[in-house]
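Q: What follows is a single structure, and I will ask about it in a moment.
The values are calculated or read from the model by the stated rules, or taken from the named source; none is laboratory data. Just so we're clear, the structure is a prediction, and the values are computed from it rather than from any experiment. Here the Cβ positions follow ideal geometry from the backbone for every residue, glycine too, while neighbour counts run over all protein chains shown. When the accessible area is computed, the model is the full protein with side chains, heavy atoms only, and any ligands, DNA or RNA have been set aside. Shrake-Rupley method; radii C 1.70, N 1.55, O 1.52, S 1.80 Å.
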Amino acid sequence: FPLPHWSRTRTTSGEPGGEREREREGERRRWTRRQAAMIPQSSLPSHIASGPHVSPFTNSNAGLQADHRSEDIHVPANAASVPFAVAPSTEHAEVNLGEPRKHTTSPYVTGNSVLAIKYKEGVLMACDMLGAYGSTKRYKSVQRVFKVNETTIVGASGEISDFQYISNLLEELTTQDFCYDDGCTLSPKEIHAYLCRVLYNRRNKMDPLWNSLVVAGVDTAGESFIGSVGMLGTSYTDSHVATSFGNYLSRPLFREFQRDDMSLEEAIALMQEALRVLFYRDKTSINKFILAKVSGGEGVAISKPFALDTKWDLKAFVNPSKHAVGSW
Amino acid sequence: AQTMEERAMATERPHGFDFDLCNRNAWLEKQGLKQLKPWSTGTTIAGVVFKDGVVLGADTRSTAGETVADKNCEKIHYIAPNIYCCGAGTAADTENVTGMISSQLELHKFRTGRESRVVTALTLLKSHLFRYQGYVSAALVLGGFDCKGPHLFTVFPHGSTDSLPFCTMGSGSLNAMAVYEQSYKEDMTKEEAMELTKRAIRAGIFNDLGSGSNVDLCVITADGVEYMRNMDMPNPRTFTAVPAPFKVGSTTVLKHKVLPLEQSVTITTTEEEEQGGGESMDTS
């Protein structure tokens with residue numbers, strides 16, 4: 001399942017694309033002149049290299065009517081028209097450049113837990129395919145695992161739009177790596193370190209990317225790696241990782257049963273048990289999962305969506321108030 | 001002089017909810033009194049029904065804020081000879097509520113002449129908790145065996161109840177529930193149920209900060225109750241408070257000097273003492 005195609009020049013209100021392109025060009029030139037002295041020409045992706053945070057999805061503010069029905073692009077015309085955004089500060093004019101600084105105060109479309117465990121030949125990652133809009137199960141085919149290169153996969157829980165932005169950053173990174181053509185590919189450890197810095201820097205600007213990321217992979221030397229980064233920049237590496245509800249429901253099972261020398265079948269069985277428990281006990285979850293594995297010899301493989309068997313017909317559920325009228 | 005009726009009316013307590021103490025507490029807080037933090041049992045409690053009975057399990061850590069107040073408290077409370085109840089939430093609330101209902105049940109047992117039923121305890125508990133609208137912070141797992149078979153119920157602080165084949169409560173409930181959901185089978189044997197509950201409580205102990213120390217189990221069947229206090233102690237104390245004494249010769253001896261006491265102390269005996277085993281204290 002490929003990621004939904006994300007077009008950067010998406011218009012929301014029928015404004016001609018050409019005019020906006022010219023405006024963005026002008027702005028980019030303005031930034032380079034201003035920031036050139038402060039920030040040396042680096043090979044970081046454009047959105048980080050150009051100094052203060054600029055989202056790739058912003059348009060010029062002037063005359064643009066915000067389309068509030070679109071959850072993907074949220075560009076307020078003025079502070080009052082958006083209920084949840086912090087009012088953009090107009091004092092820091094030289095930083096703002098007429099564009100609003102967006103503060104993510106609450107996530108809108110969210111994904112829930114991502115689980116990852118090491119096994120003998122590599123790593124296994126699993127998550128469900130739900131993009132929930134609050135308590136509505138809105139998008140049921142969201143792939144929350146992104147393949148970075150032949151050694152690494154990244155899974156995300158939390159705000160889906162921020163995950164799509166992170167996927168774009170990782171794609172830029174991989175493209176640059178490809179263009180270097182030096183025979184080295186980015187290892188999972190390096191991608192994990194990169195994402196730690198991205199998330200921590202965004203958190204320091206009070207504009208976090210609302211995600212809990214899981215980076216998993218096997219580097220060219222054959223060493224497995226699983227790391228986690230949170231929206232505050234908290235990061236750690238371990239043999240097994242879980243985000244969101246998986247922290248409470250899956251981590252006890254992993255601590256009891258996960259071993260670094262498990263076979264693939266054992267790892268898949270353990271993962272399926274953990275996913276089943278999540279489906280039983282997490283409110284915003286659906287019975288549609290994907291598994292992704294990275295193994296030493298074979299690179300990255302992402303499975304097709306599957307469902308698990310669930311048992312709802314326990315005898316005790318049949319007439320629970322038989323002996324306790326008024327209970328349920 | 002008041003008549004009998006007037007006196008009765010004056011002392012008659014109003015029916016319904018009585019929140020006088022809440023008003024008093026709010027007033028005290030406004031005066032600047034710092035609210036005492038209740039001792040809470042940040043807890044893992046669990047119960048499961050097996051073929052012939054019920055197994056209840058609990059950890060043994062009691063917390064006051066971020067400190068462990070009691071490392072080995074008892075969270076499985078006696079209600080009746082065939083009914084036991086695990087309690088999570090504020091320790092005072094769980095202990096007193098279960099104690100009250102236990103007394104009421106015993107009086108009821110004398111009145112009816114029959115063995116107590118679990119639903120009686122359930123109804124008494126839920127009525128009491130509902131009267132206090134959740135302010136009595138007691139989350140309970142009630143289990144027992146009566147003439148109708150094994151029963152397992154959860155009672156929430158606001159007074160709602162569930163009848164379930166397995167249930168967990170407390171801060172470690174999600175961790176324990178993961179183990180139950182993974183491994184529960186219908187019609188387990190007693191050993192399987194005990195092992196499952198022990199695993200569930202251990203999941204709470206090792207994955208939740210509010211739970212810790214040891215595992216208590218209580219098995220209730222038609223034959224009676226097996227109360228296994230501290231049946232599993234996975235957190236032994238591995239350090240000694242008092243260090244082991246040092247071996248003779250650990251430290252090099254530099255000088256060795258012995259002073260026999262007779263040289264420095266003169267022992268005299270008076271005539272009275274020689275005669276009659278005299279008084280050591282001079283009372284003259």
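Q: Sort out which residues of the range B:204-251 are in contact (Cβ under 8 Å) with a residue 40 or more places away in the chain and open to solvent by 70 Å² or more (accessible area, probe 1.4 Å), and write them in order of number.
A: B:LEU209, B:ALA222, B:TYR227, B:ARG229
Q: Right, another one. Does at least one position in the range B:156-167 carry a residue that is in contact (Cβ under 8 Å) with a residue 24 or more places away in the chain and more than 25 Å from B:ALA91 (Cα to Cα)?
A: There is at least one residue in the range B:156-167 that is in contact (Cβ under 8 Å) with a residue 24 or more places away in the chain and more than 25 Å from B:ALA91 (Cα to Cα).
Q: Please identify the pairs in which a residue from the range A:208-234 that is farther than 14 Å from A:PHE146 by Cα has its Cβ atom under 8 Å from the Cβ atom of a residue that is charged (D, E, K, R) and assigned to a strand (DSSP E or B), counting only partners at least 6 apart or on another chain.
A: Filtered contacts from the range A:208-234: A:LEU209/A:GLU159; A:TRP210/A:GLU159; A:SER224/A:LYS118; A:ILE226/A:LYS118.
Q: Which condition from (1) in contact (Cβ under 8 Å) with a residue 12 or more places away in the chain; (2) over 26 Å from B:GLY172 (Cβ atoms) is the one that A:GLU265 breaks?
A: (1)
Q: Quick check on this structure: which one of B:THR161, B:THR123 is at the interface with chain A (Cβ under 8 Å from one of its Cβ atoms), over 17 Å from B:VAL55 (Cβ atoms), open to solvent by less than 20 Å² (accessible area, probe 1.4 Å) and among the polar types (S, T, N, Q)?
A: After applying the criteria, what remains is B:THR161.
Q: Across the range A:152-166, what is the number of residues that are open to solvent by less than 10 Å² (accessible area, probe 1.4 Å), touching a Gly at 6+ places or on another chain (Cβ under 8 Å) and not in a helix (DSSP H, G or I)?
A: 4
Q: Let me ask something else. Only one of A:VAL229, A:VAL215 is away from every other protein chain (no Cβ under 14 Å), touching a Cys at 6+ places or on another chain (Cβ under 8 Å) and modelled with pLDDT of 95 or more; which?
A: A:VAL229
Conditions (1) free of Cβ contacts under 8 Å to residues at least 40 places away in the same chain; (2) of a type outside the set (S, T, N, Q), marked per residue:
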residue	(1), (2)
B:ASP70	yes, yes
B:CYS86	no, yes
B:THR94	no, no
B:GLN104	yes, no
B:HIS108	yes, yes
B:ARG111	yes, yes
B:GLU115	yes, yes
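Q: Exactly one condition in (1) exposed (fewer than 13 other Cβ atoms within 10 Å of the Cβ); (2) within 11 Å of chain B (Cβ to nearest Cβ); (3) more than 23 Å from A:LEU130 (Cα to Cα) is false for A:THR310; which is it?
A: Looking at each condition in turn, A:THR310 falls short on (3).
Q: Then there's this: I'd like to check something: does the range B:208-231 contain any residue that is under 22 Å from A:PRO252 (Cβ atoms) and over 17 Å from the mean Cα position of the chain (by Cα)?
A: yes
Q: From the residues in the range A:238-271 that are out of contact with any strand residue (DSSP E or B) (no Cβ under 8 Å at 6 or more places or on another chain), open to solvent by 20 Å² or more (accessible area, probe 1.4 Å) and in a helix (DSSP H, G or I), which one is nearest to the other protein chains (Cβ to nearest Cβ)?
A: Among residues in the range A:238-271 that are out of contact with any strand residue (DSSP E or B) (no Cβ under 8 Å at 6 or more places or on another chain), open to solvent by 20 Å² or more (accessible area, probe 1.4 Å) and in a helix (DSSP H, G or I), the one nearest to the other protein chains (Cβ to nearest Cβ) is A:TYR248.
Q: Which of the residues spanning the range B:14-55 are modelled with pLDDT of 90 or more and charged (D, E, K, R)?
A: B:LYS51, B:ASP52
Q: Further question on the same structure: Within the range A:107-115, is even one residue more than 26 Å from A:ASP207 (Cβ to Cβ), buried (at least 24 other Cβ atoms within 10 Å of the Cβ) and more than 10 Å from the chain's Cα centre (by Cα)?
A: For the range A:107-115, residues more than 26 Å from A:ASP207 (Cβ to Cβ), buried (at least 24 other Cβ atoms within 10 Å of the Cβ) and more than 10 Å from the chain's Cα centre (by Cα): present.
Q: Facing another protein chain (nearest Cβ under 9 Å), out of contact with any strand residue (DSSP E or B) (no Cβ under 6 Å at 6 or more places or on another chain) and not small (Gly, Ala, Ser) - does that describe any residue in the range B:184-197?
A: yes
Q: Specify the residue that is farthest from the other protein chains (Cβ to nearest Cβ); the eligible residues are those in the range B:108-120 that are closer than 20 Å to B:LEU152 by Cβ and open to solvent by 50 Å² or more (accessible area, probe 1.4 Å).
A: Out of the qualifying residues, it is B:GLU115.
Q: Can you name the residue in the range B:258-284 that is in a loop (DSSP other than H, G, I, E, B) and under 57 Å from the mean Cα position of the chain (by Cα) and, of all such residues, is modelled with the highest pLDDT?
A: It comes out as B:VAL258.
Q: Since B:LEU142 meets every condition but one in (1) within 11 Å of chain A (Cβ to nearest Cβ); (2) at pLDDT 95 or above; (3) open to solvent by 30 Å² or more (accessible area, probe 1.4 Å), which condition does it not meet?
A: Unmet for B:LEU142, out of (1) within 11 Å of chain A (Cβ to nearest Cβ); (2) at pLDDT 95 or above; (3) open to solvent by 30 Å² or more (accessible area, probe 1.4 Å): (3).
Let's see how each residue does on (1) under 19 Å from A:LYS118 (Cα atoms); (2) open to solvent by less than 80 Å² (accessible area, probe 1.4 Å):
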| position | (1), (2) |
| --- | --- |
| A:ASN168 | no, yes |
| A:ASP177 | no, yes |
| A:ASP182 | no, no |
| A:LYS189 | yes, no |
| A:LEU209 | no, yes |
| A:VAL215 | yes, yes |
| A:VAL229 | yes, yes |
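Q: Condition first: touching a residue at least 24 places away in the same chain (Cβ under 8 Å) and either open to solvent by less than 10 Å² (accessible area, probe 1.4 Å) or not in a loop (DSSP other than H, G, I, E, B) (or both). Now tell me which residues in the range B:182-195 satisfy that.
A: B:MET188, B:LYS190, B:GLU192, B:ALA193, B:MET194
Q: Residues that are open to solvent by less than 10 Å² (accessible area, probe 1.4 Å) and touching a Ser or Thr at 6+ places or on another chain (Cβ under 6 Å): list the strands (runs of 3 or more DSSP E) wholly contained in the range B:36-101 that include at least 2 such residues.
A: B:45-49, B:53-58, B:76-80, B:83-90
Q: Tally up the residues in the range B:164-181 that are within 7 Å of chain A (Cβ to nearest Cβ), over 26 Å from B:GLY149 (Cβ atoms) and open to solvent by 10 Å² or more (accessible area, probe 1.4 Å), please.
A: 1
Q: Let me ask something else. Report whether or not B:LEU105 is more than 8 Å from chain A (Cβ to nearest Cβ) and more than 24 Å from A:ARG276 (Cβ to Cβ).
A: Spelling it out, B:LEU105 is indeed more than 8 Å from chain A (Cβ to nearest Cβ) and more than 24 Å from A:ARG276 (Cβ to Cβ).
Q: From the list A:ALA292, A:ALA274, A:ALA301, pick out the single residue that is outside any loop (DSSP other than H, G, I, E, B), more than 14 Å from every other protein chain (Cβ to nearest Cβ) and touching a residue at least 12 places away in the same chain (Cβ under 8 Å).
A: That would be A:ALA292, the only listed residue that is outside any loop (DSSP other than H, G, I, E, B), more than 14 Å from every other protein chain (Cβ to nearest Cβ) and touching a residue at least 12 places away in the same chain (Cβ under 8 Å).
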